[in-house]
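The values are calculated or read from the model by the stated rules, or taken from the named source; none is laboratory data. Keep in mind the model is a prediction, meaning the values are calculated, not measured. When we count neighbours, we look across all protein chains shown, and the Cβ atoms used for this are built from the backbone with ideal geometry, even at glycine. These area figures cover heavy atoms from the full protein model, side chains too; ligands, DNA and RNA do not enter into them. Shrake-Rupley method; radii C 1.70, N 1.55, O 1.52, S 1.80 Å.
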Amino acid sequence: MVRVDILLPTYRGAAYLPEQLDSILAQTHVDWVIRWSDDGSTDETVAVMERYTQNHPGRFFRCQSGEKLGSTRHFLYLLTQAEADWVMLCDQDDVWFPHKIAQSLSCVANLSTKQPTLVFTDMSVTDARLNVQKPSFYRAQKLQPEKVLTAGIAAVCAQSIAAGCTMLLNRAAIDSVPRIGDYPYQHDHWILIHVLDAGGDIRFFSEPTMYYRQHGLNEVGAQTVNWQYLKEKFFSKQGFWAQWRKGVPSLRKPPSRWAVLWNKLKINLNRW
């Protein structure tokens, strides 16, 4: 059976952590461990994690960074702590469906672990009490990940299409992701761009594998797609130039800035 490392950064997540951890413990694929690190929680988050560590020996391993990192750097730090050939990223406030690990692994069956490989999936958007609000995140966000991937690196730089909390990636994919001091993209967008740039095999599983809980404190979340939202996405010049200066130079085959801007316009017009 394939061993999977589940990477879980925590920060003030005590309210929802038990449901997430219980959903992982209920997975049909049983060969996994959780590697976690806390980012300075002031609630009962660490106590929750320590209780589960004590009650489930050999399942939970703390990989403390020793400094406050923030979400993106925290996830990318935990990538350096992974030991298994396959890794999944995990948010602290969601709930996984029982077959999440097994379904993700089924997408990469018989693939060589030497080629960078990444799988991401759809998810069902819920409220804080797990009442489903939008059965499909991608339909609600008017995103077409297969088309963006087919369009190439400029389109992927222009639009974040893969939620980190749904990702499965292998060791070769992890090795393709550079570490820098100041990331211009969210961790999932940064990972996706560099796996594609490295010639990776990227696959989208169109069925939801988890509940994506929205509770008002999400760092990103599922936002309503309307004209105001799309206008802000396209005309965010400061964000675009920061990404261009800090992110694109790290690519092996960087696209032109005009190609990225064109794809940004085209993708968001299609969403409208």
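The table that follows gives values for the structure above.
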{"item": "Cα lying deepest toward the dipole's positive end in segment 156-220, options CYS157, GLY181, ILE202, charges on Cβ", "result": "ILE202"}
{"item": "Label corresponding to mean projected area of the Cα convex hull in nm² when calculated from the structure given, among (1) 24.2; (2) 14.3; (3) 13.6", "result": "(3)"}
{"item": "Spatial separation of Cα centroids for segment 194-211 and segment 14-29, in angstrom", "result": "23 Å"}
{"item": "Segment 1-152: antiparallel DSSP beta bridges as a percent of all, rounded to 5", "result": "10 percent"}
{"item": "Compactness relative to 2.2 N^0.38 Å, alpha carbon Rg of segment 1-62", "result": "1.08"}
{"item": "Accessible area of the chain belonging to carbon and sulfur atoms, whole % at 1.4 Å probe", "result": "50 percent"}
{"item": "In sequence order, calculated HN-Hα J values of segment 137-148 (Karplus, 6.51, -1.76, 1.60; Hz; x Gly/Pro)", "result": "4, 6, 5, 5, 8, 6, 9, 10, x, 5, 5, 5"}
{"item": "Nearest-ten-degree value, helix 187-197 long axis tilted from longest Cα axis of the chain", "result": "60 degrees"}
{"item": "Ordering of 145-152, 97-104 by burial proxy (mean other Cβ atoms within 10 Å per residue, highest first)", "result": "97-104, 145-152"}
{"item": "Residue-level accessible surface for TYR212, protein heavy atoms, 1.4 Å, Å²", "result": "20 Å²"}
{"item": "Under the Karplus curve 6.51 cos²θ - 1.76 cosθ + 1.60, θ = phi - 60°, whole-Hz ³J(HN,Hα) for segment 60-65, x wherever Gly or Pro sits", "result": "10, 10, 7, 10, 5, 7"}
{"item": "Three-way shape label, segment 65-168, alpha-carbon gyration tensor, a/c 1.5", "result": "rounded"}
{"item": "Built amide H within the under 5 Å cut-off of ASP38, gap 5+", "result": "THR10, SER65"}
{"item": "Rounded to whole Hz, the Karplus (6.51, -1.76, 1.60) HN-Hα couplings of segment 251-264, x for glycine and proline", "result": "7, 6, 10, x, x, 6, 5, 6, 5, 5, 4, 4, 5, 4"}
{"item": "Candidate aspartates and glutamates - alpha carbon under 18 Å from LYS266, same-chain residues fewer than 8 apart omitted", "result": "GLU146, GLU232"}
{"item": "Beta bridges per DSSP with both ends in the chain, % antiparallel, nearest 5", "result": "30 percent"}
{"item": "Of LYS134/LYS253; LYS100/LYS147; LYS134/LYS264; LYS114/LYS253, pairs whose Cα-Cα distance is over 32 Å", "result": "LYS134/LYS253"}
